[in-house]
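So the structure is just underneath, and the comments pick up after that.
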Amino acid sequence: MKERAATVLVVDDTPTKLYILSSWVRRSGHQVVQATGGLEALAKVRELRPDLVVLDVRLPDISGYEVCEQIKADKATASIPVIQISGAAITPADRAHGLERGADAYLAEPVEPDEFAATIEATLRYYRARQRAERMAERLAALTEVTLSMNSAETFDELLAIAVEGACRILGRPAGTLALPPDGRIRRFSAKPPTNSAVSKPAATNALLSLSAMSLGSSAGTQVFTVPAAEWTKLMPDTDINGDVLAMLCRTKLGRPPACLGVEAVPPLDADESNTLRQLGQALALAVDALRAYAEEHAIALTLQRSLLPAQLPETPGLTISWRYQPAVDNVEVGGDFYEVLRMGERVLIAIGDVQGHSLRAATVMAELRHALRASVIGTEDLGALMALLNEVLRRYHPRMTATVCLLIIDPSTGEMEVANAGHIPLLLIHGGEAGYHRLGNLLLGVAQETYRVDRLTLPEEGSVLLFTDGLIEDRDKLLDESLEVVRHLAERTGDDLELFCDRLIRRFGAREDDVALVMFRRETARRTGP
């Protein structure tokens, strides 16, 4: 590619010499700006940022040495090359002094035109190479920053916005991007200098298919190609572009929809810019695939987790029951939180528990404990014996696992309730606008053989009980007791609708780093018959 004409500032206080040097510069194909003094030269350097300064050493106000020194001391102009020239200061010591104070070359008069032109071209060649290297270093740093930001994106919209804003900022051109997330709805974003801010707009439903057919077909890989302005506008309506678009289409695997990133192609991109676009587009495709895989795995994990929990709870006359299960917001793996409600004749067994860890093994152990509980209630209604059996199951078949479990049996007609707690958060008793935690329980399951204490109490009519796992209240920067108090204060204003209260409770603590399970029930007022 032919280099553009350079802008050369020629500084000399002698009109004849200024004219001769300027004519030699023009003959080499460059543009000339003139100055006759050092202060004037410094002002024009700051204003115009020329590509090269040809500087006489002897000037009427300040010396060329000082002018050169000030140019090199300013970070904004330090990279501009300076050729010093003199007919008086021509000794080796003079030349050495000029170079020591920042000159990139030093010419002693008389100077031959060919030598002068060759020196200018050599200096510009070095300057342009340095400019290219600095631009490339800046682009690579920006590319790394954008790539890291894309890989940290939590949603497809955030990812695409980062990609298009990065392309616009790095290449200084209008940019657009298209991608297809797992939900099947094509996302489209565009950005334009100088704001570089991403704007989301609806995309044509066949936009990616049209682009893919134009370049990749059905294969995987990367393709850079030019899309005519009219075609790009059809794919991305309302896009403000002034010419054709250089687009990068990348598909990492067969069968996956490609990701597209394009920038305005006028003026033409150089090799470094095209390579930057290719790298940014490939990084986008990889990030889209990674986020798509995460979303799919998260959906699978959630489906598996819910399949291990009760599909529905049985009818429980005399009780109003509400329950929630909320998976950890950033965790793909399944967890060990569970709940259970079982009819036992006229009485009801309610259980909640949490197996340690987030893994398929934790979920498997959780399922085993649930099934063991469901099987064991057929033979006994003794809570102490039920808890001891669960402890033995865990110790015998999963000796390095632990779990917290709270079991209770309630007779809705009388309110009589039995409670056995193995290391779980105490249940919260609520009645008459007051709420309080029941006392702490026994040792958690899986640690040692234990005789589990069973507490007996009575739940009054319109009284409520709240059970939940620690994922609801555990925060790294807050004491557990503080969060327990938050729940207690909220429970004092439960209201008539348990569903609304459970929603309010979940919202109060927000997205959690751990799974959350909770069960809440209220004993209804018994219907009175007779006179």
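The values are calculated or read from the model by the stated rules, or taken from the named source; none is laboratory data. None of the values given here were measured: they were computed from a predicted structure. Glycine also receives a Cβ, built like all others from the backbone with ideal geometry; neighbour counts cover every protein chain displayed.
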Problem - Evaluation of L261 against (1) at pLDDT 80 or above; (2) in contact with a Lys or Arg (Cβ under 9 Å, 6 or more places away or on another chain); (3) under 24 Å from N151 (Cβ atoms); (4) outside any helix (DSSP H, G or I) (one fails), failing number - result: (2)
Practice task
State whether one or more residues within region 434-455 are of a type in the set (G, A, S) and within 33 Å of the chain's Cα centre (by Cα).
Solution key: no
Practice task
Report yes if some residue within region 69-90 is in contact with a strand residue (DSSP E or B) (Cβ under 6 Å, 6 or more places away or on another chain) and more than 17 Å from V10 (Cα to Cα); otherwise report no.
Solution key: yes
Completion exercise
Of the residues in region 423-444, those that are touching a residue at least 60 places away in the same chain (Cβ under 8 Å) and at negative phi number 3
Problem - Residue match in region 175-188 (condition: touching a residue at least 40 places away in the same chain (Cβ under 8 Å), assigned to a helix (DSSP H, G or I) and either of a type outside the set (S, T, Y) or within 24 Å of P258 (Cβ to Cβ) (or both)) - result: no
Problem - Lone unmet requirement of (1) under 29 Å from E315 (Cβ atoms); (2) at pLDDT 90 or above; (3) exposed (fewer than 12 other Cβ atoms within 10 Å of the Cβ) for E524 - result: (3)
Problem - Residue among L386, L360, L440 that alone is among the aliphatic types (A, V, I, L, M) and within 25 Å of I473 (Cβ to Cβ) - result: L440
Handout entry: Matching option when the condition is over 27 Å from P267 (Cα atoms), crowded, with 19+ Cβ neighbours inside 10 Å and acidic (D, E), among D94, D13, D104
Key = D104
Problem - Search result, residues across region 481-500 that are surrounded by 12 or more Cβ atoms within 10 Å (Cβ to Cβ), touching a residue at least 24 places away in the same chain (Cβ under 8 Å) and either over 19 Å from L313 (Cα atoms) or not assigned by TED's automatic domain parsing to the domain that holds A435 (or both) - result: S483, L484, V487, R488, A491, E492, T494
Problem - Of all residues in region 377-402 being at pLDDT 90 or above and hydroxyl-bearing (S, T, Y), the one that is farthest from the chain's Cα centre (by Cα) - result: Y397
